[in-house]
Each structure stands twice: as C-alpha cells, then as structure tokens.
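Step one of this worksheet: look at the structure below.
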Amino acid sequence: MKTRIWETDFENGIPESMYKYRVMSVKHLRELQDDFETIDAEGKVSNNPVFRSYIQEKKHHLPDSLPDAKSVIVIAVFTPLMTVDFHHEGKIHEIMVSHYYDDGITEDHLKTTILNNIIGDNQYRVENATMHVLLKRLAVRTGLGKYGRNNICYVEGMGSFLKLFAFFTDFEFDEDNWQDAEMMDSCNNCKVCLKQCPTGSISDDSFVIDVEKCIPLYNEVPGEIPDWIDPGSHTALMGCLRCQLPCPANSDIATQTQKLDPITEDETKMILDGNSDENLYQSLSEKLRMFKPEHAYYYFPVIARNLRVLIPTE
C-alpha cells in the first residue's frame, strides 16, 4: 500500500510538493471585510443559521495576541480524496471521504513550515488566522487559487482537493499579493458542475452559489436531511462531490485517491442499526480519522444517518 498522507513525517515541516502559499500585507484585511459586506448587502450571502455559524466570527482584524502583525500567509495543502470499504451482508461498499479526515498535519507542523521554509527565520512570531478570515476569499484574492463556477477554490496542481490555512506573522515580506477575485478560465465555456448539481445550487452567471440548496449544509450536521434532497444525490460519507469529480480541473487529481482502513461487517451493522459502544467509537475514530472518541456523541449520528442513505437497508 502506498504511503498515506498521515504516514508522512511532518516534524521538520510539510514537504514542498504538498503545499503552496501566498503572502499578503495586513493592510488588505479591511478590503477583505469590505468584500464580504458588499456581497452580504446584495443579498448573496445566505442567512441560514448553520451557514452563518461558520462565518460569523470572521471579521478580518488583527488578533489581540499579535497586534503588530505585518503579513498574512495563506497556505493550501493537498488533501487527496479518500475511500473506505464498508463490509455489509457479504458485499463491499466503497464510499468516498473528502477533506473531513485528519491528515496528520498539526498547527505546529504548519508553523514549522512557515518559519523554516517560508520566512526562513524562526525568531519571528506566527499566530493562527484561520478563525479570523474567510479562507477561500483570501486564497482567491492573493492569487493562490481561483474560483470554480461551483464557488469552490481551485489551486493549480491540487484542483479542489485541498485544505486552506492562514497565519499572521510579525515578519514583513517584500511581496504583497493582492488581486481581483477570478474564476478559472476553463469555467467560461464549461457547465459540467452546473449540470451535475442535483439540487440546482450552482448559478449560470455567478460563482456565488445558493448555499441553502447545497447538500453539505445538511449532511455535515445532525438532524433530518430535507425530503427535497433525492437520496440518490449523496456521494460521500459527509459533504458532496457531485460537482468536483467530473470537473475537468480535477481530471488528473481525482484519480490520486488513497484508502482508509476498512469497516468490518459487525461495525457496519452497528452503525446502520444505530447501536454503538466505546469500542466502536474508538475503532471508527482510528479508521475514519474524522473525529476523536470523545466527540463521537456528535459525529456518530451524522455518519450513521448518512451511511443509511449510501447503503440502503430493507
């Protein structure tokens, strides 16, 4: 079996082949906030409470812990698509797992990468900015990535299979990446994602989608999935890959899948039946890498509900 991402040694930093970055002066933070406020005022940002909970704290300001920050570093880390085999009634159901899994990269690994490989001097301070900024907008505004028609950020060489991170630092870079938000050129004459979206959330004339029609808004959190979502629309254990898998910008990247450890017959049955115990929580935590055992109370019902859609039972 090929080395899986979390089996890589990150202690001395993330390998250069796995990440790309851009840097920006903190003077553009106000402009990032203006971007959001303009789109919000135009009524293009959903008022769905779940969606708002994801973005409400992102105010694009300097943290109290590093008020003299000079720069923002935004990093994209390649996160390959995973699949996991669920064994059930003598059959193997291969189910996709997108970026929700733990790839083994910690905040310390990212900071080491910044200090050693990006700044080149570990005397400077680096503070996590991920909770302060809208990552996708930051990545596109700095030129690290571009929007797809599906409102997802694409980075060259990674497609849409990535995780974004941002950090403040008191180091002042000579470069300052800042540009207009752009959609990929390949999207101009392509409507693959629009046609593939089962709920019609993707627009023909804007890369701002109708979030309230987007499947991840409902299958990432506890509760009932709305009846208007066709059960056959679901493609992954969490989230949705309908618009990403057929995307031409992902044609080479989507084939670079890796495998999580298989889920046994007994474990699959317990999940589908809604039965659980500490041993199952521990096993799923290790195999799926999507939650820690102490957080199973939240994630197990979500995974069980979604799995029942992906593996229908009589």
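Grab the Cα-Cα distance for Ala181 and Lys44, subtract it from 0.36 nm times how many residues apart they are, and report the gain in nm with one decimal. Provide the component values of the computation, followed by the final result.
Details: separation 137, 0.36 × 137 = 49.32 nm, distance 1.59 nm.
Gain on stretching Ala181 to Lys44: 47.7 nm.
Could you tell me which Cys residues in the chain have no other cysteine's Cβ under 4.7 Å from their own Cβ, answering none if every one has a partner?
Cys153, Cys187, Cys190, Cys197, Cys214, Cys240, Cys247
Given 0.36 nm per residue, what is the gain on full extension from Ala304 to Glu107 after removing their alpha carbon distance, in nm?
Computed gain between Ala304 and Glu107 is 68.0 nm.
Going down the table (Lys20/Lys292; Lys146/Lys269; Lys136/Lys269; Lys2/Lys191; Lys91/Lys292), which pairs top 31 Å between alpha carbons?
Values: Lys20/Lys292 28 Å; Lys146/Lys269 42 Å; Lys136/Lys269 38 Å; Lys2/Lys191 35 Å; Lys91/Lys292 28 Å.
Those over the limit are Lys146/Lys269; Lys136/Lys269; Lys2/Lys191.
In whole Hz and in residue order, list the ³J(HN,Hα) couplings for the range 38-48 that follow from phi through the Karplus curve 6.51 cos²θ - 1.76 cosθ + 1.60, θ = phi - 60°; x for Gly and Pro.
These are the phi-based 3J(HN,Hα) values: 5, 5, 5, 5, 7, x, 8, 9, 4, 9, 3 Hz.
Quick check for me: using +1 on Lys/Arg Cβ and -1 on Asp/Glu Cβ, what's the dipole size of the range 183-314 about its Cα centre, in debye to the nearest 20?
320
Among Gly239, Gly148, Gly157, whose mean-square fluctuation peaks in a Gaussian network model of the chain (Cα, cutoff 10 Å)?
Gly157
Just the number, please: Stokes-Einstein D of the range 169-314 in µm²/s, Kirkwood Rh from C-alpha pairs, 37 °C, 0.692 mPa s. Write down the numbers at each step before the final one.
Numbers: Rh = 18.2 Å.
Value of D from the Cα-based Kirkwood radius: 180 µm²/s.
For Asp170, what residues show an amide H to amide H distance below 5 Å, using hydrogens built from the backbone and excluding near sequence neighbours?
Amide H to amide H, under 5 Å and 5 or more residues apart or across chains, Asp170 pairs with Lys70, Arg125.
List, in order, the whole-Hz ³J(HN,Hα) value for each residue of the range 95-110 obtained from phi through the Karplus relation with A = 6.51, B = -1.76, C = 1.60 and θ = phi - 60°; use x for Gly and Pro.
10, 7, 10, 7, 7, 6, 7, 7, 8, x, 8, 9, 4, 4, 4, 5
Sort His61, His109, His234 so that the residue with the fewest other Cβ atoms within 10 Å of its own Cβ comes first and the one with the most comes last. Could you put the intermediate results ahead of the total?
Numbers: His61 13, His109 19, His234 22.
The fewest-first ordering by Cβ neighbours comes to His61, His109, His234.
Picking from Ala236, Ser203, Leu260, whose Cα lies most toward the positive end of the charge dipole for the range 203-314 (charges on Cβ: Lys, Arg +1; Asp, Glu -1)?
Leu260
Beyond 38 Å, what share of the Cα-Cα pairs of the chain is found? Please give it as a whole percent.
Numbers: 7552 of 49141 pairs.
So the pairs more than 38 Å apart make up 15 percent of the total in the chain.
In terms of the Cα gyration tensor, with a ≥ b ≥ c the square roots of its eigenvalues, is the range 1-99 rounded because a/c is under 1.5, prolate because a/b exceeds b/c, or oblate?
Details: a/c = 3.24, a/b = 1.48, b/c = 2.19.
Oblate shape, in that a/c is at least 1.5 and b/c is the bigger or equal ratio.
Quickly rank 193-202, 291-300, 223-232, 78-87 as a protection proxy: mean count of other C-beta atoms within 10 Å, highest first. Kindly include the intermediate steps, with their values, before the conclusion.
Numbers: 193-202: 17.8, 291-300: 15.2, 223-232: 10.8, 78-87: 19.6.
Ranking the peptides 193-202, 291-300, 223-232, 78-87 by packing returns 78-87, 193-202, 291-300, 223-232.
Where a ≥ b ≥ c are the square roots of the eigenvalues of the C-alpha gyration tensor, would you call the range 69-217 rounded, which needs a/c under 1.5, or, failing that, prolate if a/b is larger than b/c, or oblate?
Details: a/c = 2.61, a/b = 1.37, b/c = 1.91.
Oblate shape, in that a/c is at least 1.5 and b/c is the bigger or equal ratio.
Could you give the length gained by full extension between Asp174 and Glu11, i.e. 0.36 nm per residue of separation minus their alpha carbon distance, to one decimal place? Don't jump to the answer; show the numbers that get you there.
On the way: separation 163, 0.36 × 163 = 58.68 nm, distance 2.78 nm.
Contour length minus the Cα-Cα distance gives 55.9 nm.
Where a number appears in this text, it was derived from the coordinates with a stated rule and is not lab data. Nothing here was measured: the structure is a model prediction, and the numbers come from that model. Reconstructed Cβ throughout: ideal geometry from the backbone, glycine too, with neighbour counts over all protein chains shown.
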